[in-house]
Structure formats: structure tokens, C-alpha cells
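The values are calculated or read from the model by the stated rules, or taken from the named source; none is laboratory data. For clarity, every value in this text was computed on a predicted model and none was experimentally measured. In this analysis, Cβ positions are derived from the backbone assuming ideal geometry, glycine residues included, and neighbour counts consider all displayed protein chains.
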Amino acid sequence: MSDHHLAEIAALRRQILALSERYAMLAHGPKPFVPGASPVPPAGKVLGAAEMRNLVDSALDFWLTTGRFNAQFESQLARQAGVRRALAVNSGSSANLLAVSALLSHELGKRALRPGDEVITCATGFPTTVNPILQNGLVPVFLDVELGTYNMDVSRLEEALSPRTRAVVLAHALGNPFDLAAVTAFCRKHGLFLVEDCCDALGASYGGRQVGTFGELATLSFYPAHHITMGEGGAVLCSTTRFKKIVESLRDWGRDCYCEPGKDNTCNKRFAWQLGELPPGYDHKYTYSHLGYNLKITDMQAAIGVAQLARLDGFVAARRANWQYLRDGLADLEDVLILPRATDGSEPSWFGFCMTLRPGVPIDREDLLRWLNDERKVGTRLLFGGNLLRQPYMKDRPHRVAGPLEGSDVVMNRSFWTGVYPGLGTDQLDYMMDSLRHYIRARVSP
Ligand SMILES: Cc1ncc(COP(=O)(O)O)c(C=O)c1O
């Protein structure tokens, strides 16, 4: 290409990127809030000029598969999360699938889990925290949830133990860390792996240490409701290079080769390996040592992720401020609602503001949520699957239960949450609180 041609390409690129930023600001900038007319969503994405610029920048590359933005995203995420390596994947559910599947890898030798082994988890939460346990032929052992923190009740951990227990897989519920002191001590005592599902908790910490750094593996989701987004996306955080190698292989078709896309001979032995029953010298690029998937992201997703990651601290601070604003503002409704609380010793990175109607209160949750939605445009969410054992898909699945699941049933019947995401300001939060108070006080006097 001539210098003139190259200069024209560079100039066009600059122009397109500047226009993209301007477009994002005009077309997707914040809109004024009109009470009763504007929705108050429970969650949402906060995207701006930087995200649009990166997205268009990656589109102009025309690289499409994982490339320079993915490499930048993975290394910045690992640094920010305080882990050895971070691997980007196409969803939080895929991240959980890979993290649990990694525990069965032959690379772990005697410590590898085998089908039929048991994994302790919480009966309340998101299904794809638990599903990879079943998908790998392992047996989930369910413990109840604690109201208020909405994390697993750790007081019955020892009861859940059996000779086949090999791991604990738990989510930090709605951004509130679970009791990591109790869970890590239990795992250490019994030689169990810990997988932290941090999909709703990026930026949270416990005892001054970030969640995701306690377990052998941890996971993140970048779906729009989450702390940062790339549309669809997630990541596996790995505490060791061994786990990084396993997860990467499982993510990338199960291959033994670890070349970046577009590279061919990183190990310098591409035609010198002999593995399995393959002939000596069989191309390492086509040698598979795990039962793998393909769960990678595109570079356009990663490009948005890079811009979002730079804004993470501000997002987390806004979520915390919004949560506290609701906690203070709703204190007068504590006779009707169990209000949420942070786990002792933790600094949550809140995903939502969860409330539970107290027993005997003459309020029908579905009627309340319908009224908020239809009359006030205030969006709510349930605490995901409630008691997961009562979901249709769980019928006849192998599992064990340790202790009663009364808390999980309460969550299923009487809990709901509203938004704290950074797109909400005090106008929306005040309107949401007034709406809730209006409905409740028409039925229950203080
Ligand atoms: C705790 C938890 N784990 C996993 C997931 C799955 O993430 P994704 O929607 O990216 O698959 C979610 C989704 O919100 C979640 O809340």
C-alpha cells in the first residue's frame, strides 16, 4: 500500500471514531426522568462514547474473533480482579460450566472430581450456578439460604458433608459476599475445591480482599444487568496457571495447543508431540486433551469490555451509594419488609436491593409487583429461581438436601428486588420508594 493510501485510511479511521463518539452521546445519552412516564428498571447497561468508539474501532479492524481487544481485556481484568489469569467467555453460565468442568480434568491427577462426587451449593439462586454440577454428572447437595444476606446458611455446612464431598460452588448473592471465613475454613479442613460465582459481585470484597481471589476458580458475567457489560459475556478467574491451562483448553475446543488466534507454533514443537494414540508429529493444533467446547467471545465484545472495565470503580461506588440511599429511605417500612444487610466483614458490590415481605403481612407479592410495574413503571425481579428444587427442570435430578429449606421457600414466595444500577439517580429511587410506600401503607398502617 502506498503512503498516501495508508494516510487516507488513518484519517478516515480518526473521522469515523470521532463521529461514533458524537453519535453515542447524542443518540444514547442519559434521558430526563419523568415520574410515571419513564421506567425505573431493576437493571440496565450504562454505555457511552468510549464503548461506542471501541466497538467501532474493533469493527474497523475486521478481525472479529478474539484478538487485540480480548488480550487487553483479559490482562486488565486479571490485574483488576487480583488473580493470576482471567479468561473471557461468552456468558457467566459458560464461565460456571468451565469452572466446574475444570475440576474433573485429568490434569488434577488424584484430586480430580469424578462423576457421582458431591458438590455443596445453595438451594436459592441462579440456575446456572448449580447446573454445571449436574451437567458434569456430579451430585449437588443443597443447603438453605439466610434471609437478609440471601447467602447460604453456613451453620449446617458440616451436616452437608459426606465421604464423596469434593467441592463447594457458591454465588455471592446479589453482590453480597457469602461468609468466606466459614466457607474457606470448611474447604481447607476437608480438602475441598471452592468455586466462587462472582457473576453478580464484581468489585465486592471480604476482609479487605476481593471476592474471586478465595476460590481456586471464580466466574463473572457481563450480561447487561451486571456491573460491566459487553452484551453477552463472562470470564473465568484462575488462581493458578494449571487451572488457566485447563480452562483455556476446555473453552477452546478441548485442544492441547495454546496458540493465540492467528499464531501457529507457540510451543515450538508443533510437529514434535506424540499424545494419545496419535502418530508422532501429529499437528499439535489439532490435538485434543479435554472434552471441550467453544465458548470464546468476539473482539467486538472484548472492545466494549475494555471501555467498561475502565469505569468499574465508578460503577461500584454508584451501586453502593444507591443501595445505601434505599436502605436509609426504606427504614420506616421495616415492620412490613425484611430489609437487606451486608454479610459481616464484607464490602458488597451490590447488584440489587432485595426485600422480603414479613410473615403474616396482608400483602400479596404478585399483586404488589404487578401494581409497581403497571401503575408506576417500577421494575422488579425475583431472587432468580427461588427454591431451585421446586423448578420444573429439577424434577428427578440426582441431589441431596442437608437440613430444611424453609428460607428458600420464603424467598420463593415473598422476596423481590429493585434496582441500584448506576443508571438510576435519586429522582428514580425516590419515586420507587414513594410508590412502594404508597402501596404498602394503603394496606398496613405503621
Ligand atoms: C449468580 C449468577 N450466576 C450466573 C449467571 C449467568 O450469567 P449469564 O447470564 O451471563 O449466563 C447469573 C445471571 O445473571 C447470575 O446471577
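Could you grab me the full set of residues in the range 207-234 that are farther than 28 Å from D344 by Cβ and of a type outside the set (S, T, N, Q)?
Matches in the range 207-234: F222, Y223, P224, M230, G231, E232, G233, G234.
Looking at R251, R242, can you tell me which residue is of a type outside the set (V, I, T) and closer than 22 Å to R68 by Cβ?
R251
Taking L134, is it out of contact with any Cys (no Cβ under 7 Å at 6 or more places or on another chain), closer than 23 Å to L291 by Cα, within 16 Å of the ligand (Cβ to nearest atom) and at pLDDT 95 or above?
Spelling it out, L134 is indeed out of contact with any Cys (no Cβ under 7 Å at 6 or more places or on another chain), closer than 23 Å to L291 by Cα, within 16 Å of the ligand (Cβ to nearest atom) and at pLDDT 95 or above.
Of all residues in the range 371-425, which are of a type in the set (S, T, Y) and under 16 Å from D153 (Cβ atoms)?
Within the range 371-425, S408, S415 meet the criteria.
Do we find that A10 is hydrophobic (A, V, I, L, M, F, W, C), away from the ligand (no atom under 16 Å from the Cβ) and surrounded by 13 or more Cβ atoms within 10 Å (Cβ to Cβ) in this structure?
The answer is no for A10.
Does the range 352-401 hold any residues that are among the basic types (K, R) and away from the ligand (no atom under 16 Å from the Cβ), and which are they?
Selection gives R358, R365, R370, R376, K377, R390, K395, R397, R400.
Write out, first by first residue and then by second, each pair whose Cβ atoms fall under 7 Å of each other, whose residues are 6+ apart or on separate chains, and whose first residue, in the range 220-233, is under 13 Å from A303 (Cα atoms) while the second is charged (D, E, K, R) and in a loop (DSSP other than H, G, I, E, B).
Every condition considered, the pairs that remain are T229/K45.
Return the residue satisfying two criteria in turn: it lies in the range 83-92 and is surrounded by fewer than 23 Cβ atoms within 10 Å (Cβ to Cβ) and within 12 Å of the ligand (Cβ to nearest atom), and of such residues it is farthest from Q72 (Cα to Cα).
Once the filter is applied, the top-ranked residue is S91.
Only residues that are within 23 Å of R414 (Cα to Cα) and either among the hydrophobic types (A, V, I, L, M, F, W, C) or surrounded by fewer than 18 Cβ atoms within 10 Å (Cβ to Cβ) (or both): list them for the range 333-350, please.
Answer for the range 333-350, where residues must be within 23 Å of R414 (Cα to Cα) and either among the hydrophobic types (A, V, I, L, M, F, W, C) or surrounded by fewer than 18 Cβ atoms within 10 Å (Cβ to Cβ) (or both): L333, E334, D335, V336, L337, I338, L339, R341, A342, W350.
Being crowded, with 24+ Cβ neighbours inside 10 Å and touching a Lys or Arg at 6+ places or on another chain (Cβ under 6 Å) is the filter here, so list the residues in the range 220-248 that pass it.
Result: C238, single match.
I'd like to know if the range 274-293 contains one or more residues that are surrounded by 15 or more Cβ atoms within 10 Å (Cβ to Cβ), within 16 Å of the ligand (Cβ to nearest atom) and under 27 Å from the mean Cα position of the chain (by Cα).
Checking the range 274-293: at least one residue is surrounded by 15 or more Cβ atoms within 10 Å (Cβ to Cβ), within 16 Å of the ligand (Cβ to nearest atom) and under 27 Å from the mean Cα position of the chain (by Cα).
For the range 384-393, indicate whether the set of residues that are more than 30 Å from T165 (Cβ to Cβ) and surrounded by fewer than 22 Cβ atoms within 10 Å (Cβ to Cβ) is non-empty.
no
Suppose we filter R381, R397 for residues that are on the phi < 0 side of the Ramachandran plot, at pLDDT 95 or above and more than 18 Å from the chain's Cα centre (by Cα); which single one remains?
That would be R397, the only listed residue that is on the phi < 0 side of the Ramachandran plot, at pLDDT 95 or above and more than 18 Å from the chain's Cα centre (by Cα).
Could you grab the pairs with beta carbons closer than 6 Å, sequence gap of 6+ or different chains, first residue in the range 184-206 and at positive phi, second one surrounded by fewer than 24 Cβ atoms within 10 Å (Cβ to Cβ) and at pLDDT 95 or above?
Sorted first by the residue in the range 184-206, then by its partner, the pairs are G203/V316.
Could you list, in sequence order, the residues of the range 400-419 that are small (G, A, S) and either within 27 Å of P42 (Cα to Cα) or part of a strand (DSSP E or B) (or both)?
Once the filter is applied, which keeps residues that are small (G, A, S) and either within 27 Å of P42 (Cα to Cα) or part of a strand (DSSP E or B) (or both), the range 400-419 yields G407, S408, S415, G419.
Name the one entry in P32, P42 that is modelled with pLDDT under 95, on the phi < 0 side of the Ramachandran plot and of a type outside the set (A, V, I, L, M).
P32
Residue by residue through the range 48-76, note down the ones that are hydrophobic (A, V, I, L, M, F, W, C), closer than 20 Å to F315 by Cβ and either surrounded by fewer than 24 Cβ atoms within 10 Å (Cβ to Cβ) or more than 16 Å from the ligand (Cβ to nearest atom) (or both).
Result: A49, A50, M52, L55, F69.
Kindly establish whether V306 is in a helix (DSSP H, G or I), in contact (Cβ under 8 Å) with a residue 60 or more places away in the chain and among the β-branched types (V, I, T).
Against the criterion (in a helix (DSSP H, G or I), in contact (Cβ under 8 Å) with a residue 60 or more places away in the chain and among the β-branched types (V, I, T)), V306 qualifies.
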